[in-house]
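These notes concern the structure reproduced below.
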Amino acid sequence: MPSKFTESLELARELLKIYHLQGANAFAECIQRYAQLIVADCQQDTRRLNTRFSTVVFGILSILFVNDTERIMRQEVAVTEGFINEADAARKAELFVRDVARFLREYEVERHEQAFSERLLMHLASCPLAELKETTLTVLAERFDYHPNYLSNKFKKEKQFTVQEAILNEKLNRALFILRDETERTTIKELSWRLGFSDPAYFSQLFKKRFGMLPKQIQAT
């Protein structure tokens, strides 16, 4: 027999499937109807009503924020307390609908923010070499219309490494590509300059740290 947790997850998946396939309006209507069905089914059994609402909310939270256990538990406790403190069944249903809508809004905002870091990395990957050479946090902030501090914090929160590291990684990836291109005839000094490094020795040091070989060793292979 499936546990209450398993049942709540399955129900949450079915509800969220409506959201993803049919959109926010269809989902809102479905949640409204479902809340009314729970109220009708539980009638005057307040404890059972609280449990039904809480388990569905917990299932939805567990799917939307799967990697954030602390957040799931904190939100679930707060929502459950709200149900317990409200005596009117119709009002409980309103709280249920409101909370689910709020969690979805938070999820959509965070999903949009997550896409931002991917857009930034794609921008770096598509930059011409001359443009990449001059790319800094300030340049990217202007490009994406963010304050540099906000952009920096936003990116690091999503990727767990800094914008500066992303720029450096892209430069080193380009260096590796150029060094492996047999049609390119360039010295390490020239290559480091083309990528914005004033010190070829420092460039070689960073390159070896990332790829385990010096640039001249790549050229020799």
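What follows draws every value from the coordinates through simple rules; no lab data is involved. Bear in mind the structure is a predicted one, so any value in this text is a computation, not a measurement. As a convention, Cβ positions derive from the backbone with ideal geometry for all residues, glycine included, and neighbour counts pool all protein chains shown.
Only Cα sites of segment 4-110 enter the Debye sum here, all with the same form factor; the resulting log10 I(q)/I(0) across q = 0.11, 0.16, 0.18 1/Å is -0.30, -0.66, -0.84, listed in q order.
Could you give the length gained on full extension between Glu29 and Phe116, defined as 0.36 nm per residue of separation minus the Cα-Cα distance, in nm? Walk me through the numbers before you get to the answer.
Details: separation 87, 0.36 × 87 = 31.32 nm, distance 3.05 nm.
The span from Glu29 to Phe116 would gain 28.3 nm if fully extended.
Between Leu21 and Ala40, the simple spin-label model (points 7 angstrom out along Cα→Cβ) gives 2.3 nm. Can you tell me which of Phe211, Phe103, Phe58 moves the most in a GNM of the chain? Springs connect C-alpha atoms under 10 Å apart. Per the Cα network of the chain with a 10 Å cutoff, Phe211 tops the list.
Treating the angle as unsigned and between 0 and 90°, give the value, to the nearest 10°, between the Cα long axis of helix 148-159 and the longest Cα principal axis of the chain. That helix lies at roughly 70 degrees to the long axis. Here each label is just a point 7 Å from Cα along the line to Cβ, and for Arg102 and Leu214 those points are 6.1 nm apart. In straight-distance terms, cross-link reach from Lys156 covers every one of the aspartates and glutamates whose alpha-carbon lies under 20 Å from its own, apart from those fewer than eight places away in the same chain; here that gives Asp68, Glu106, Glu108, Glu110, Glu113, Glu118, Glu142, Asp145, Glu165, Glu170. Under the criterion of Cα pairs below 8 Å and six or more residues apart, the relative contact order for the chain equals 14 percent.
Computed 3J(HN,Hα) for segment 171-181, one whole-Hz value per residue from the Karplus formula 6.51 cos²θ - 1.76 cosθ + 1.60 where θ = phi - 60°, is 4, 5, 4, 5, 4, 4, 4, 5, 5, 7, 7, glycine and proline marked x.
Dividing the Cα radius of gyration by the Kirkwood radius, what Rg/Rh value follows for the chain? Using Cα coordinates only, the ratio equals 1.22.
Cut-off under 15 Å on the C-alpha distance; same-chain residues fewer than 8 positions from Lys92 excluded. Which aspartates and glutamates are left, in chain and number order? Cross-link targets: Asp41, Asp45, Glu76, Glu81. Helices in the chain, meaning DSSP H runs of at least 4 residues, each add -39500 (n - 2.57). Divided by all residues, the mean residue ellipticity at 222 nm is -26500 deg cm²/dmol.
Return the inverse of the average 1/r over all pairs of distinct C-alpha atoms in segment 39-102, which is the Kirkwood hydrodynamic radius, in Å to one decimal. Each step should come with its number before you reach the end.
Numbers: mean 1/r = 0.0843 Å⁻¹.
Result for segment 39-102, one decimal place: 11.9 Å.
Across segment 7-129, C-alpha contacts under 8 Å between residues 6 or more apart give a mean separation that, scaled by the residue count, equals a relative contact order of 27 percent. For Lys159, a cut-off of 30 angstrom between C-alpha atoms picks up these lysines, skipping any fewer than 8 places away in its own chain: Lys17, Lys133, Lys171, Lys208, Lys209.
Treating the beta-carbon of each Lys and Arg as +1 and of each Asp and Glu as -1, no other charges, what is the dipole magnitude of segment 127-220 about its Cα centre, to the nearest 20 debye? Before the final figure, lay out the partial values.
On the way: 16 positive and 12 negative charges, 74 e Å.
Its charge dipole is roughly 360 debye.
Stokes-Einstein diffusion coefficient for segment 127-220 at 25 °C in a medium of 0.890 mPa s, Rh from the Kirkwood formula over Cα pairs: what value in µm²/s? Please list the in-between numbers first.
Values: Rh = 14.2 Å.
Taking Rh from Cα pairs, D becomes 173 µm²/s.
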